[in-house]
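**Q** To start, I am sharing the structure in question, which I have written as structure tokens.
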Amino acid sequence: MEFTIDAISKDCNARAGKIKTDHGDILTPIFMPVGTVGSVKAVHCSELKEEIKAEIILGNTYHLYLRPGLDIIQASGGIQKFNSWNMPMLTDSGGYQVYSLGHNRKITDEGAIFRSHIDGSKHIFTPENVMDTQRVIGADIIMAFDECTPYPCDYDYAKNSMKLTHSWLERCVRRFNETEPIYGHSQSLFPIVQGSVYKDLRRESCERIASYGLEGNAIGGLSVGEPIEDMYELTDLCCSILPKDKPRYLMGVGTPANILECIDMGIDMFDCVMPTRNGRNGMLFTSEGIINMRNEKWKNDFSPIDANGTSSVDILYSKAYLRHLFVAKEILALQIASIHNLAFYLWLVKEARKHIIEGDYRAWKTMMVKKVTNRL
RNA sequence: GGGAAGGUUCCAGAGUGGUUAAAUGGGGCAGACUGUAAAUCUGUUGGCGACGCCUUCGUUGGUUCGAAUCCAACCCUUCCCA
């Protein structure tokens, strides 16, 4: 993997860059659609490429390990062959599941013991075997195994958890360096900053993480329920410490406004389930604001879903029709909403990149944040 | 023509003397969702000058301190027999 910076906006810390991987290039800032089990829910690969113009998607180590299982993925020739995406992928390590599936797992120094949410079977995730698993899955970018701390989280818990994540990182790096990619393309390991909402912990974690000199750095443990101002303040703090010459990945963020604000601070990569999950639940993000597609007010609105949209569904279908599909619980509703939302997210970061290069990012962002937070 | 069952709030359907503006489900309306156990979850769903009052369980009348619930008549629906 190689990262180059093409431009830094004149009026803020926003950067436009390029990540080269063996599966293709990624222009940053970038939004990465989430495809937990190897599939971006309700969306075909062809739609991701042609309509949405996604450049990289996510997969999840915990979920892929449980189903279909490593034997299947290895036999298929790696995840990008298995799902026919054939473009860059990133896998999360299962660190988020340590948080989201917190009720059926136990943490020890050794690792995390999960009770499968599918059949209750017991599985131990260690930094070492998570690296091995991500070698088998075969994504271009793989994540260190961490604990995503919950919110609220008291200082002592956050501190101990951060130390645990750091010790796991040490073991991840060692194992990563001892092993080779399986499928002939190179893989890059990103470490993850933790420290909850505590600035001294975040600072310490950033310094520790950065000291490994890995090819990119991620910020985790945010957007888990903390006040939005905290998220911004901590992201800004992390950006001020994490190396400038490496991509910065803010995990799990966020709303269109969150993304615009964090690009301003120097974040290069984002992922979030919001465009897909909220889309499936009837929420549309557009350049003019947010639409709750199930609301009665769209019943007789035959205007396009999004007149300014870039995907074919935006002008092909009307709001009244899409509302009808949601009300009738038709599968097509989920597909249209997912394609629209993802295409909008990708359009948004592409526009951001354009304005960074032009040098007026902050001004554009200030105007844009007002629009995208508007409720239609 | 004879017999049987039944008519409940938008719908289906509980309730069978007071704790019932009436269970539950559906539908409607609104909200939530941030490294996906999510095509999910939550709230709400008679009216009003609302910690109270008014109207409502086919219609009308009656019994009772009190009725969706008991009685009578009537109207209507479904099923069975002729």
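**Q** Any idea which of A:215, A:204 is more than 26 Å from residue A:5 (Cβ to Cβ) and either over 20 Å from the mean Cα position of the chain (by Cα) or assigned to a loop (DSSP other than H, G, I, E, B) (or both)?
**A** The match here is A:204.
**Q** Identify, by number, the condition in (1) under 17 Å from the mean Cα position of the chain (by Cα); (2) at negative phi that residue A:53 doesn't meet.
**A** All conditions pass for residue A:53, except number (2).
**Q** Right, next: Taking the range A:60-97 as the region of interest, how many residues are assigned to a loop (DSSP other than H, G, I, E, B) and closer than 13 Å to residue A:142 by Cα?
**A** Qualifying residue count for the region: 3.
**Q** Is it true that some residue in the range A:71-78 is more than 18 Å from the chain's Cα centre (by Cα), within 16 Å of RNA strand B (Cβ to nearest atom) and farther than 20 Å from residue A:339 by Cβ?
**A** Going through the range A:71-78, the residues more than 18 Å from the chain's Cα centre (by Cα) turn out to be A:71-78.
Subsequent filtering for residues that are within 16 Å of RNA strand B (Cβ to nearest atom) retains none.
No: zero hits.
**Q** A follow-up question, please. Quickly run through the range A:278-289 and pick out the residues that are open to solvent by 50 Å² or more (accessible area, probe 1.4 Å), near RNA strand B (Cβ under 6 Å from one of its atoms) and touching a residue at least 40 places away in the same chain (Cβ under 8 Å). Walk me through how you get there before you give the answer.
**A** Keep residues of the range A:278-289 that are open to solvent by 50 Å² or more (accessible area, probe 1.4 Å), which gives A:280-281, A:288.
After this cut, where a residue has to be near RNA strand B (Cβ under 6 Å from one of its atoms) as well, the list is A:280-281.
Matches in the range A:278-289: A:280 only.
**Q** In the range A:291-319, what residues are under 19 Å from residue A:371 (Cα atoms), surrounded by fewer than 15 Cβ atoms within 10 Å (Cβ to Cβ) and either within 13 Å of RNA strand B (Cβ to nearest atom) or not polar (S, T, N, Q) (or both)?
**A** Answer for the range A:291-319, where residues must be under 19 Å from residue A:371 (Cα atoms), surrounded by fewer than 15 Cβ atoms within 10 Å (Cβ to Cβ) and either within 13 Å of RNA strand B (Cβ to nearest atom) or not polar (S, T, N, Q) (or both): just A:307.
**Q** Here is a follow-up. Going through A:106, A:122 one at a time, which residue ends up being touching a strand residue (DSSP E or B) at 6+ places or on another chain (Cβ under 9 Å), open to solvent by 40 Å² or more (accessible area, probe 1.4 Å) and either within 22 Å of residue A:72 (Cβ to Cβ) or of a type in the set (A, V, I, L, M, F, W, C) (or both)?
**A** The conditions single out A:122.
**Q** For the range A:125-140, give me each residue that is among the hydrophobic types (A, V, I, L, M, F, W, C), within 20 Å of residue A:166 (Cβ to Cβ) and not in a helix (DSSP H, G or I).
**A** Across the range A:125-140, the qualifying residue is only A:125.
**Q** Of the conditions (1) crowded, with 17+ Cβ neighbours inside 10 Å; (2) more than 10 Å from RNA strand B (Cβ to nearest atom); (3) under 18 Å from residue A:346 (Cβ atoms), residue A:265 fails just one. Which one is it?
**A** Result: residue A:265 passes all but (3).
**Q** Could you please let me know if residue A:259 is in a strand (DSSP E or B), open to solvent by less than 20 Å² (accessible area, probe 1.4 Å) and not polar (S, T, N, Q)?
**A** Details: in a strand (DSSP E or B): no; open to solvent by less than 20 Å² (accessible area, probe 1.4 Å): yes; not polar (S, T, N, Q): yes.
When the stated conditions are applied, residue A:259 does not pass them.
**Q** Tell me, yes or no, whether the range A:233-256 has at least one residue that is within 15 Å of RNA strand B (Cβ to nearest atom), surrounded by fewer than 18 Cβ atoms within 10 Å (Cβ to Cβ), under 20 Å from the mean Cα position of the chain (by Cα) and without any contact (Cβ under 8 Å) to a residue 40 or more places away in the chain.
**A** yes
**Q** Mind checking which residues of the range A:1-27 are closer than 25 Å to residue A:181 by Cα and either polar (S, T, N, Q) or within 16 Å of RNA strand B (Cβ to nearest atom) (or both)?
**A** Step one: filter the range A:1-27 for residues closer than 25 Å to residue A:181 by Cα, giving A:1-4, A:18-27.
Scanning the range A:1-27 gives A:4, A:21.
**Q** Quick test for you: out of A:155, A:96, A:151, pick the one residue that is open to solvent by 10 Å² or more (accessible area, probe 1.4 Å), aromatic (Phe, Trp, Tyr) and more than 16 Å from RNA strand B (Cβ to nearest atom).
**A** Just a single option satisfies the conditions, and that option is A:155.
**Q** Considering only residues of the range A:141-165 that are over 16 Å from residue A:190 (Cα atoms) and assigned to a loop (DSSP other than H, G, I, E, B), which is farthest from the chain's Cα centre (by Cα)?
**A** Among those residues, the one meeting the criterion is A:154.
**Q** For residue A:362, state whether it is touching a residue at least 60 places away in the same chain (Cβ under 8 Å), among the basic types (Lys, Arg), within 24 Å of residue A:229 (Cβ to Cβ) and open to solvent by 30 Å² or more (accessible area, probe 1.4 Å).
**A** Taking the combined requirement at face value, the residue satisfies it.
**Q** Could you pull out the residue among A:348, A:322 that is within 21 Å of residue A:49 (Cβ to Cβ) and either at pLDDT 95 or above or open to solvent by less than 60 Å² (accessible area, probe 1.4 Å) (or both)? Spell out how you get there, then give the answer.
**A** Numbers: A:322 fails: within 21 Å of residue A:49 (Cβ to Cβ).
The unique qualifying residue is A:348.
The values are calculated or read from the model by the stated rules, or taken from the named source; none is laboratory data. As the structure is a prediction and not an experimental result, all values here were calculated from the model. When we count neighbours, we look across all protein chains shown, and the Cβ atoms used for this are built from the backbone with ideal geometry, even at glycine. When the accessible area is computed, the model is the full protein with side chains, heavy atoms only, and any ligands, DNA or RNA have been set aside. Shrake-Rupley method; radii C 1.70, N 1.55, O 1.52, S 1.80 Å.
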